[in-house]
Amino acid sequence: MYAVVKGTGSYIPTRTITNEDFLNHTFFDSDGKPFERSNKEIIQKLEEITGIKERRYVTDDLLASDIAARAGKQAIDDAGIDPESLDYIIIAHNFGDIRADNLKVDMVPALASRVKAKLEIDNPQCIAYDLPFGCPGWLQGMIQANCFIKSGEASRALI
């Protein structure tokens, strides 16, 4: 038995922040001292090196679990599966749900449990857990789901 990706989903935030939005910021060097170059020069160099002209920020009314649920719904729909057939929901993240008006980290209950509830999955056999690993978390989620599927422990997982 082997695992295959049957569907994908994503969420692209609607709030656009351009490089010009950083003109009034202070940029520091590795010693913690402000750069002597102008912000315009620094921003132009950053764009030249990275190609980044804008970035997307999540609006203040959304949490990490909200955008994960939106992406998860899209992946389930794309795969054409019944959400009740999921054996695992694995959510990779950095900090849990953080509200714009309260920067306290909120990781309990697990974001995966919150996503399961937001997707209205009733299946008590569907195990939901988090991987607060930062950037490589999604890859570790794929590795773990693949192991579950290869071992026969699971047939479907949402990462």
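The values are calculated or read from the model by the stated rules, or taken from the named source; none is laboratory data. Here the structure is a predicted model, which is why all the values come from computation and not from measurement. Please note: Cβ atoms are built from the backbone with ideal geometry, for glycine as well, and neighbour counts cover all protein chains shown. Ligands, DNA and RNA are stripped out before the accessible areas are found, and what is left, the full protein with its side chains, is counted by its heavy atoms. Shrake-Rupley method; radii C 1.70, N 1.55, O 1.52, S 1.80 Å.
Out of all the residues in the stretch 94-151, which are part of a loop (DSSP other than H, G, I, E, B), of a type outside the set (A, V, I, L, M, F, W, C) and open to solvent by 40 Å² or more (accessible area, probe 1.4 Å)?
Of everything in the stretch 94-151, those that are part of a loop (DSSP other than H, G, I, E, B), of a type outside the set (A, V, I, L, M, F, W, C) and open to solvent by 40 Å² or more (accessible area, probe 1.4 Å) turn out to be Asn94, Asp101, Pro109, Glu120, Asp122, Pro124, Gln125, Pro132, Pro136.
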**OP:** Scan the stretch 6-38 for residues that are open to solvent by less than 100 Å² (accessible area, probe 1.4 Å) and under 30 Å from Ser155 (Cβ atoms) and jot them down.
**Re:** Gly7, Thr8, Gly9, Ser10, Tyr11
Subject >> Pair list, Cβ < 6 Å and 6+ apart or interchain, from the stretch 14-32 residues that are farther than 11 Å from Arg55 by Cα to residues that are open to solvent by less than 80 Å² (accessible area, probe 1.4 Å) and among the polar types (S, T, N, Q) >> reply: Leu23/Asn39
